[in-house]
There are 2 protein chains.
Amino acid sequence: MDDVDRKLLNLLQEDATQAYAVLGKAVGLSAGAAHERVRKLRESEVIRRTTVEVDPAAVGSGVLAFVMVDSSAWMGDSGERFAAIPELQEAHIIAGSASVLVKVRTGTTEQLQDVLRRLYEIEGVSGTQATVALETFFERPVSTGA
Amino acid sequence: MDDVDRKLLNLLQEDATQAYAVLGKAVGLSAGAAHERVRKLRESEVIRRTTVEVDPAAVGSGVLAFVMVDSSAWMGDSGERFAAIPELQEAHIIAGSASVLVKVRTGTTEQLQDVLRRLYEIEGVSGTQATVALETFFERPVSTGA
DNA sequence: ACTTCCGGTCCACATCATCCACGACGCCCT
DNA sequence: AGGGCGTCGTGGATGATGTGGACCGGAAGT
């Protein structure tokens with residue numbers, strides 16, 4: 001993991017459709033060498049996957065909310081219960097008064113309410129506190145520091 | 001935007017390196033037709049970009065925190081002030097007692113503290129409340145409903 | 001019923017990813 | 001200091017893939 005790798009990661013985060021020849025030129029390597037670097041980054045799981053960013057509003061998920069989930073029991077093994085709710089985009093165990101923080105996307109606030117209902121059905125969940133996002137300034141890839 | 005488009009979005013979210021021939025077969029179309037569908041999805045900004053998911057820990061951002069930012073003024077025009085802090089991965093205006101919710105990734109808790117300091121330097125910011133994530137259950141693409 | 005248009009298939013070509021043999025550089029061991 | 005070796009990059013060959021164009025069929029509108 002040197003500066004060249006970090007620069008490649010940056011370039012790929014920007015646009016993963018670029019040809020290796022272009023990537024190579026950008027970092028001062030041949031296409032073959034750039035390809036080999038990226039292959040190793042994939043192999044070592046530094047690059048988890050190549051994906052596509054979808055406009056949430058275009059697929060009927062225009063409402064974004066963060067929900068603090070309170071619990072009366074240990075939630076550390078309930079990951080799959082949360083993953084089973086497709087509207088949940090992220091779920092994290094957190095330090096602090098709540099136990100779990102989830103990021104939810106739905107089409108309407110009614111659907112958000114239904115998600116909260118399904119959260120309550122998870123054993124151990126004793127309460128929720130939802131916060132709706134009114135506007136998103138930005139959502140961007142992890143900074144690589146390069 | 002029909003079911004075929006949604007299925008293509010799903011497939012691409014899973015793995016955007018697949019050949020169009022494969023994508024086409026998966027949805028019952030020729031490679032050319034699949035290509036045309038995807039081209040239009042890109043053109044219409046339903047697909048915002050093709051990118052690469054990077055393991056945060058591998059690039060020195062193993063600490064994840066969510067910060068509620070309180071303010072004494074209207075924050076709606078301060079998006080760029082937040083965007084200028086590279087450790088911020090997301091920033092949203094929220095409804096509720098706080099004004100802005102940000103998602104932060106740093107290498108250490110000391111660096112997290114430094115980010116909080118920089119948040120305070122934004123005019124109008126009157127307080128912060130940070131919550132550290134201990135474990136991430138999952139982070140996944142937006143559900144397309146397909 | 002004719003026209004038009006959208007969306008599909010099929011095909012051909014240019015581009016690109018991918019693999020391999022070779023060479024340069026730096027490091028360790030004797 | 002010299003020699004061997006492992007790592008990393010280069011350049012070219014080749015086969016797969018993206019990409020554009022010509023053609024076709026069905027649906028909708030006049």
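Brief remarks follow.
- Complete set of residues in the range B:96-115 that are in a helix (DSSP H, G or I) and among the hydrophobic types (A, V, I, L, M, F, W, C): B:Leu112, B:Val115
- Taking the criterion of being outside any helix (DSSP H, G or I), open to solvent by less than 40 Å² (accessible area, probe 1.4 Å) and farther than 30 Å from B:Met1 by Cα, the only residue of the range A:10-46 that qualifies is A:Val46.
- Flag: A:Val59 matches the condition of being surrounded by 15 or more Cβ atoms within 10 Å (Cβ to Cβ) and either at pLDDT below 95 or within 7 Å of chain B (Cβ to nearest Cβ) (or both).
- Residue check for B:Glu14: free of Cβ contacts under 8 Å to residues at least 24 places away in the same chain and over 29 Å from A:Glu45 (Cα atoms): no
- B:Arg118 vs. criteria basic (Lys, Arg), open to solvent by 10 Å² or more (accessible area, probe 1.4 Å) and part of a strand (DSSP E or B): no
- The single condition among (1) under 14 Å from B:Thr51 (Cα atoms); (2) in a strand (DSSP E or B) that A:Phe66 does not satisfy is (1).
- Number of residues in the range B:121-146 that are open to solvent by 20 Å² or more (accessible area, probe 1.4 Å), within 9 Å of chain A (Cβ to nearest Cβ) and in contact with a Lys or Arg (Cβ under 9 Å, 6 or more places away or on another chain): the value is 4.
- Sole residue being at negative phi and not in a loop (DSSP other than H, G, I, E, B), chosen from A:Glu123, A:Glu135: A:Glu135
- For first residues located in the range B:30-44 and under 9 Å from B:Tyr20 (Cβ atoms), partners that are aromatic (Phe, Trp, Tyr) and more than 8 Å from DNA strand C (Cβ to nearest atom) and lie 6+ apart or on another chain with Cβ distances below 7 Å form the pairs B:Ala31/B:Tyr20; B:Ala34/B:Tyr20; B:His35/B:Tyr20.
- As for the range A:96-106, it holds at least one residue that is in contact with a strand residue (DSSP E or B) (Cβ under 9 Å, 6 or more places away or on another chain), crowded, with 16+ Cβ neighbours inside 10 Å, within 7 Å of chain B (Cβ to nearest Cβ) and touching a residue at least 12 places away in the same chain (Cβ under 8 Å).
The values are calculated or read from the model by the stated rules, or taken from the named source; none is laboratory data. None of the values given here were measured: they were computed from a predicted structure. Glycine also receives a Cβ, built like all others from the backbone with ideal geometry; neighbour counts cover every protein chain displayed. Accessible surface is based on the protein model in full, side chains and every heavy atom, while ligands, DNA and RNA are left aside. Shrake-Rupley method; radii C 1.70, N 1.55, O 1.52, S 1.80 Å.
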